[in-house]
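The values are calculated or read from the model by the stated rules, or taken from the named source; none is laboratory data. All values derive from a computational prediction rather than experimental measurement. Cβ placement follows ideal geometry from the backbone for every residue including glycine, while neighbour counts extend to all protein chains displayed. Note: accessible area is taken over every heavy atom of the protein model, side chains too, but ligands, DNA and RNA are not part of it. Shrake-Rupley method; radii C 1.70, N 1.55, O 1.52, S 1.80 Å.
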Amino acid sequence: FRTVAAPGDCTSGSTANSLYQYGFEAGAGTWSHSGTGDTWAIAATNPHSGTSQYHANDPISVTDQRLVSPAVVLPTGQNPIVLKFWHVPNLEPSGTTACFDGGILEVSTNAGATWTQVPNANLLVGPYRGAVSASFANPLAGLQAWCGTTAYIQTIADISAYAGQTALFRMRLGSDNSASNPGWDVDDVVVQSCSTLTGLFSDGFESGDMSLWSAAVP
């Protein structure tokens, strides 16, 4: 029997191909950050693994904080292509199914000129909690977002739709002018595709030629 591939994993007959992997142990690397009230910085307070993670504060003020990955070339013919990362979106929730402050994942395939939110339908593991409130001037108002989580979760996003392009990924934190929470930790980012396995030898015996085979009696 064959087990069914877990969400984001490669199916039988293919193998994982790491396109990008980074855990922030060597600092920011080629990641960048910007935005209104930007607080993104390398921290050593709550890593998922190793000793470092990226962290942004969730303050009592309106902010729009962006953390941007380096460009990753996404191949064709190697689906599914997924982005995996571990994070703690400890941002102000609104009940159990909505957010006052929130974090979202965005993608750009034109060097950051425009950005598109990765929708819940493409989050195979670790989906958004719910919509961001429009009551307190949050720049992400109305968007689905993560919030209200106090321990690390893994999110796996299917980004196969961008195969054949060069992509940037952006973690975007939006806060409002009401309460605050500890913030957002991000660690252990992986972009992975699936390559088809090719055998070194194959014979279905259709030709009847057994010259390359031998038989031995125990």
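Of everything listed in (1) open to solvent by 40 Å² or more (accessible area, probe 1.4 Å); (2) modelled with pLDDT under 95; (3) not in a loop (DSSP other than H, G, I, E, B); (4) not aromatic (Phe, Trp, Tyr), the single unmet condition for Ala161 is (2). Any residue at all in region 74-81 that's part of a strand (DSSP E or B) and either touching a residue at least 40 places away in the same chain (Cβ under 8 Å) or not polar (S, T, N, Q) (or both)? No, region 74-81 contains no residue that is part of a strand (DSSP E or B) and either touching a residue at least 40 places away in the same chain (Cβ under 8 Å) or not polar (S, T, N, Q) (or both). In region 93-153, counting only strands (runs of 3 or more DSSP E) that sit wholly within it, the ones holding 1 or more residues that are modelled with pLDDT of 95 or more and surrounded by 22 or more Cβ atoms within 10 Å (Cβ to Cβ) span 102-108, 130-132. Screening region 1-17 for residues that are open to solvent by less than 70 Å² (accessible area, probe 1.4 Å) and more than 18 Å from the chain's Cα centre (by Cα) and picking the one that is farthest from Gly174 (Cα to Cα) gives Gly13.
Within region 186-203, residues that are modelled with pLDDT of 95 or more and open to solvent by 30 Å² or more (accessible area, probe 1.4 Å) sit with their Cβ atoms under 6 Å from residues that are assigned to a loop (DSSP other than H, G, I, E, B) and not acidic (Asp, Glu), at 6+ positions apart or across chains, in these pairs: Asp188/Gly23; Asp188/His48; Asp188/Ser49. Within region 18-56, the residues that satisfy the criterion of being part of a strand (DSSP E or B), loosely packed, with under 15 Cβ neighbours inside 10 Å and either of a type in the set (S, T, N, Q) or in contact (Cβ under 8 Å) with a residue 24 or more places away in the chain (or both) are Ser18, Gln21, Ser34, Thr36. Could you grab me the full set of residues in region 72-92 that are open to solvent by 20 Å² or more (accessible area, probe 1.4 Å), within 16 Å of Ala161 (Cα to Cα) and either touching a helix residue (DSSP H, G or I) at 6+ places or on another chain (Cβ under 8 Å) or not charged (D, E, K, R) (or both)? Within region 72-92, Val73, Pro75, Thr76, Gly77, Gln78, Asn79, Pro80 qualify.
Scanning region 57-71 for residues being under 23 Å from Ala113 (Cα atoms), assigned to a strand (DSSP E or B) and open to solvent by 40 Å² or more (accessible area, probe 1.4 Å) gives a total of 1.
Here's the yes/no breakdown for (1) within 16 Å of the chain's Cα centre (by Cα); (2) touching a residue at least 12 places away in the same chain (Cβ under 8 Å):
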site: Pro89; (1), (2): yes, yes
site: Glu92; (1), (2): no, yes
site: Thr114; (1), (2): no, no
site: Ser133; (1), (2): no, yes
